[in-house]
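Here the structure is laid out as structure tokens; the discussion comes afterwards.
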Amino acid sequence: DAGITQSPRYKITETGRQVTLMCHQTWSHSYMFWYRQDLGHGLRLIYYSAAADITDKGEVPDGYVVSRSKTENFPLTLESATRSQTSVYFCASNDRGGNQPQHFGDGTRLSIL
Amino acid sequence: DQQVKQNSPSLSVQEGRISILNCDYTNSMFDYFLWYKKYPAEGPTFLISISSIKDKNEDGRFTVFLNKSAKHLSLHIVPSQPGDSAVYFCAASEINNDMRFGAGTRLTVKP
């Protein structure tokens with residue numbers, strides 16, 4: 001099925017551990033995005049990528065690392081998780097850039113204890 | 001610094017009536033505005049948009065109004081249906097820049 005999928009859907013980990021959230025899209029969209037959703041803040045952009053091997057910071061990039069070796073995949077890594085990174089993470093994609101409508105995955109709920 | 005604000009966390013309306021969701025922004029450089037709808041355990045889905053050169057855009061039961069002088073936009077849903085119950089996010093962007101989202105409004109449409 002064409003679409004954008006995130007894995008895992010739920011993850012519990014401990015502070016200080018590394019965790020990677022996966023995002024895969026089958027549309028061959030050039031742009032991919034990572035957002036976090038927190039109560040009272042809506043969605044905030046963490047990182048985005050305009051194409052393979054091109055990534056850039058968003059509004060809240062600290063504590064996160066991304067890579068994009070293939071067009072279809074855009075993993076997000078928390079190198080040393082902190083409790084403040086407990087959130088719901090959404091991946092999105094489109095062909096036109098950050099100021100245009102995006103297709104979102106169903107999210108990963110991450111809890112850091 | 002929240003540049004896009006949805007001041008009503010929740011809204012409840014009766015089926016068949018009009019739902020009006022509001023959004024205010026502070027950045028006068030925003031020129032493109034969107035509404036997304038989100039069901040529980042799903043990602044947001046794009047609903048409707050409007051550019052700053054217009055003051056109204058319609059798509060079926062959904063109409064977005066933009067008042068640039070007041071830095072305010074609203075989403076009207078007429079008539080409201082129980083399936084419209086969801087969280088609605090307002091978003092805004094400048095040309096070649098990232099999108100900023102509001103905190104969302106939870107709409108409940110009662111049968």
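The values are calculated or read from the model by the stated rules, or taken from the named source; none is laboratory data. The structure presented is a predicted model; accordingly, all values stated were derived computationally and were not measured. Positions of Cβ are generated from backbone atoms using ideal geometry, with glycine treated the same way; all protein chains shown enter the neighbour counts. Surface accessibility is based on the protein's heavy atoms, side chains included, excluding ligands, DNA and RNA. Shrake-Rupley method; radii C 1.70, N 1.55, O 1.52, S 1.80 Å.
A loss of 50 Å² or more of accessible area (1.4 Å probe, protein heavy atoms, ligands and nucleic acids excluded) relative to the isolated chain is seen in these residues of region A:44-91: A:GLU59. Across every direction, the projection of the convex hull enclosing the Cα atoms of chain A has a mean area of 6.4 nm². Springs between Cα atoms under 10 Å define the GNM used for chain A, and in it the highest mean-square fluctuation of A:GLY98, A:GLY40, A:GLY58 occurs at A:GLY40. Over 21 Å between Cα atoms, which of B:LYS5/B:LYS71; B:LYS5/B:LYS37; B:LYS71/B:LYS110; B:LYS37/B:LYS68 qualify? Those over the limit are B:LYS71/B:LYS110; B:LYS37/B:LYS68.
With Cβ to Cβ distances under 14 Å as the rule, what net charge do the other residues near A:ILE46 carry (K, R +1; D, E -1)? Net charge in that neighbourhood comes out at -1. Please report, as a whole percent, how much of the solvent-accessible surface of the protein assembly as shown comes from carbon and sulfur atoms (probe radius 1.4 Å). Its accessible area is 47 percent carbon and sulfur atoms.
A 1.4 Å probe run over the protein chains yields, for chain B, 49 Å² of accessible area per residue, whole-number rounding. Here is the interface size for A with B: some 1600 Å² of accessible area buried, both sides summed, with a 1.4 Å probe. Stokes-Einstein diffusion for chain B at 10 °C, viscosity 1.306 mPa s, with a Kirkwood radius from C-alpha pairs, works out to 114 µm²/s.
Interface burial in region B:88-102 reaches 30 Å² or more for B:PHE89, B:ASP98, B:MET99, B:ARG100, B:PHE101, comparing the full protein assembly with the chain by itself; accessible area from heavy atoms with a 1.4 Å probe. Averaged over the residues of A:32-41, the number of partner chain Cβ atoms lying within 10 Å of the residue Cβ comes to 3. Across every pair of non-identical alpha carbons in the protein assembly as shown, the mean reciprocal distance, once inverted, gives a Kirkwood radius of 18.0 Å.
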